[in-house]
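Student: The following block contains the structure, expressed as structure tokens.
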Amino acid sequence: MARTIGFVGLGNMGGPMAANLVKAGHTVRGFDLAAASLATAREAGLAVAGSALEAVAGADAVVTMLPAGRHVIEVWTQLAEALPAGTLLIDSSTIDVESARTAHALAQARGCLSVDAPVSGGTGGAKAGTLTFMAGGGAEAFAQAEPLLKAMGKNVFHCGEAGAGQAAKICNNMILGISMIGVCEAFALGEKLGLSHEALYDVASVSSGQCWSLTTYCPVPGPVPTSPANAGYRPGFAAALMLKDLRLAQAAANAAGATTPLGAEAERIYDRFAQAGHGDEDFSAIIRMLRGQAGEA
Ligand code: NAD
């Protein structure tokens, strides 16, 4: 069913996601606070509005793709007051679980349907329409959101009730941050022991050390030619974004009383890396700091 969609937040992710909704036959009107994002969206052929309220006027579904929880609460508060009951709201930003639940409550108070649906797959996945969506919300809200999410992504999972999508996202990315540091430490130790990168890769990639950080995103050049290590550690997935997600995981762990010592240490390590001026590098470049080549180890 073709829908009329208001899309707020047309940045690196939101712009191409909105374009994929248009390609799927939906009517989309977008808004962003930044003139540059609006201009890029306009150049890509997207209809843009002068405000968030104007973008969602007449829409039966709304998608937001914003930097952090406070932006989502601000926009959803403004929109919820204006939207008719029954409107579907989807937030695909990566935000803290508490803010996600607050956003759901704002929608519910107005009789709207809501889904938190953060993504993995990065800007490449957003352009190609191959993102993975992790969704939280009621069954009816998810059923309505699913075709829209499928227009922007390849894999769509319903993870549970309000906030479950954000919970899945930060748990996954906490595994990723910890595992990347583990793989980097192993390569740095192997170097000191005179072990070649190729030999360590050949063994670990078919042994119990095997993981995504090794076999898809190998932090040294050579074994996996497509990994950012082969391109000067250009992101990819920037260290600053990994730090953001590790912070969200620690905030959730503290609020829920979960013990995550390695998640906490991974956050400290990425924080030092970002403080030393490497936030724009791919997160696998953390190997340089672990070798003592970039910032403090
Ligand atoms: P971005 O900074 O490129 O885009 C965010 C946009 O939101 C900006 O254009 C900004 O102007 C706009 N914005 C902020 N406040 C607004 C408001 N009140 N009204 C309208 N527009 C507003 O960020 P991005 O890379 O597109 O990421 C968006 C979200 O997706 C973040 O939560 C991020 O963590 C998450 N994410 C990003 C990636 C990635 O690789 N970039 C991957 C997965 C998830």
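The values are calculated or read from the model by the stated rules, or taken from the named source; none is laboratory data. Just so you know, these numbers come straight off a predicted model, no measurement behind them. When we count neighbours, we look across all protein chains shown, and the Cβ atoms used for this are built from the backbone with ideal geometry, even at glycine.
Student: Restricting attention to segment 71-81, which residues are modelled with pLDDT of 95 or more and more than 9 Å from the ligand (Cβ to nearest atom)?
Tutor: 73, 76, 77, 79
Student: Let me ask something additional. Just the residues that are outside any loop (DSSP other than H, G, I, E, B) and either within 11 Å of the ligand (Cβ to nearest atom) or without any contact (Cβ under 8 Å) to a residue 12 or more places away in the chain (or both), please, taken from segment 112-126.
Tutor: Scanning segment 112-126 gives 119, 120, 122, 123, 124, 125, 126.
Student: When the residues of segment 265-297 are narrowed to those that are part of a loop (DSSP other than H, G, I, E, B) and within 21 Å of the chain's Cα centre (by Cα), which ends up surrounded by the fewest Cβ atoms within 10 Å (Cβ to Cβ)? Don't jump to the end; show me each part of the working.
Tutor: Residues of segment 265-297 that are part of a loop (DSSP other than H, G, I, E, B), as a first pass: 279-281, 291-297.
If we keep only those that are within 21 Å of the chain's Cα centre (by Cα) too, we end up with 279-281.
Values: 279: 19, 280: 13, 281: 22.
In this case the residue turns out to be 280.
Student: Only residues that are in contact with a Pro (Cβ under 8 Å, 6 or more places away or on another chain) and assigned to a helix (DSSP H, G or I): list them for segment 203-224, please.
Tutor: Result: 213, single match.
Student: Another one. If residue 248 satisfies every condition in (1) away from the ligand (no atom under 16 Å from the Cβ); (2) assigned by TED's automatic domain parsing to the domain that holds residue 264 but one, which is the exception?
Tutor: Unmet for residue 248, out of (1) away from the ligand (no atom under 16 Å from the Cβ); (2) assigned by TED's automatic domain parsing to the domain that holds residue 264: (1).
Student: Next up: Among the residues that make up segment 239-253, is at least one of them over 25 Å from residue 119 (Cα atoms), out of contact with any Phe, Trp or Tyr (no Cβ under 7 Å at 6 or more places or on another chain) and either surrounded by 13 or more Cβ atoms within 10 Å (Cβ to Cβ) or not charged (D, E, K, R) (or both)?
Tutor: Checked against the condition, which is being over 25 Å from residue 119 (Cα atoms), out of contact with any Phe, Trp or Tyr (no Cβ under 7 Å at 6 or more places or on another chain) and either surrounded by 13 or more Cβ atoms within 10 Å (Cβ to Cβ) or not charged (D, E, K, R) (or both), segment 239-253 yields no hits at all.
Student: Hey, can you tell me all the residues within segment 242-264 that are out of contact with any Gly (no Cβ under 8 Å at 6 or more places or on another chain), in contact (Cβ under 8 Å) with a residue 60 or more places away in the chain and in a helix (DSSP H, G or I)?
Tutor: Applying the first criterion (out of contact with any Gly (no Cβ under 8 Å at 6 or more places or on another chain)) to segment 242-264 yields 244, 247-248, 251-252, 254-262, 264.
Narrowing the set further to residues that are in contact (Cβ under 8 Å) with a residue 60 or more places away in the chain leaves 244, 248, 251-252, 255, 260, 262.
Within segment 242-264, 244, 248, 251, 252, 255, 262 meet the criteria.
Student: So if I check each of 255, 266, 240, which one is within 22 Å of residue 97 (Cβ to Cβ) and within 16 Å of the ligand (Cβ to nearest atom)?
Tutor: Answer to the check: 240.
Student: Would you please list the contacts, defined by Cβ atoms under 9 Å and residues six or more apart or on different chains, that run from a residue in segment 157-182 that is farther than 21 Å from residue 288 by Cβ to a residue that is surrounded by fewer than 21 Cβ atoms within 10 Å (Cβ to Cβ) and among the basic types (Lys, Arg)?
Tutor: Hits for this filter: 162/101; 163/101; 166/101.
Student: Further question on the same structure: Being assigned to a helix (DSSP H, G or I) and touching a strand residue (DSSP E or B) at 6+ places or on another chain (Cβ under 8 Å) is the filter here; which residues of segment 46-70 pass it?
Tutor: Listed by number, the residues that qualify are 52, 54, 55, 56.
Student: Based on what the data block shows, is residue 40 over 28 Å from residue 251 (Cβ atoms), touching a helix residue (DSSP H, G or I) at 6+ places or on another chain (Cβ under 9 Å), of a type in the set (Ser, Thr, Tyr) and touching a residue at least 12 places away in the same chain (Cβ under 8 Å)?
Tutor: yes
Student: Oh, and also: So residue 108 fits all but one of (1) free of Cβ contacts under 8 Å to residues at least 12 places away in the same chain; (2) touching a Phe, Trp or Tyr at 6+ places or on another chain (Cβ under 8 Å); what number is the exception?
Tutor: Residue 108 satisfies all of (1) free of Cβ contacts under 8 Å to residues at least 12 places away in the same chain; (2) touching a Phe, Trp or Tyr at 6+ places or on another chain (Cβ under 8 Å) except (2).
Student: Also, quick follow-up: Could you list, in sequence order, all residues of segment 49-61 that are within 12 Å of the ligand (Cβ to nearest atom) and either charged (D, E, K, R) or buried (at least 21 other Cβ atoms within 10 Å of the Cβ) (or both)?
Tutor: 52, 54, 55, 56
Student: Only one residue in 77, 87 is surrounded by 14 or more Cβ atoms within 10 Å (Cβ to Cβ), touching a residue at least 12 places away in the same chain (Cβ under 8 Å) and β-branched (Val, Ile, Thr). Which one? Give the derivation first.
Tutor: Numbers: 77 fails: surrounded by 14 or more Cβ atoms within 10 Å (Cβ to Cβ).
From the options 77, 87, the qualifying one is 87.
Student: Now for a separate question. Going through segment 12-45 one residue at a time, which ones are within 13 Å of the ligand (Cβ to nearest atom), in a loop (DSSP other than H, G, I, E, B) and crowded, with 19+ Cβ neighbours inside 10 Å?
Tutor: 13, 32
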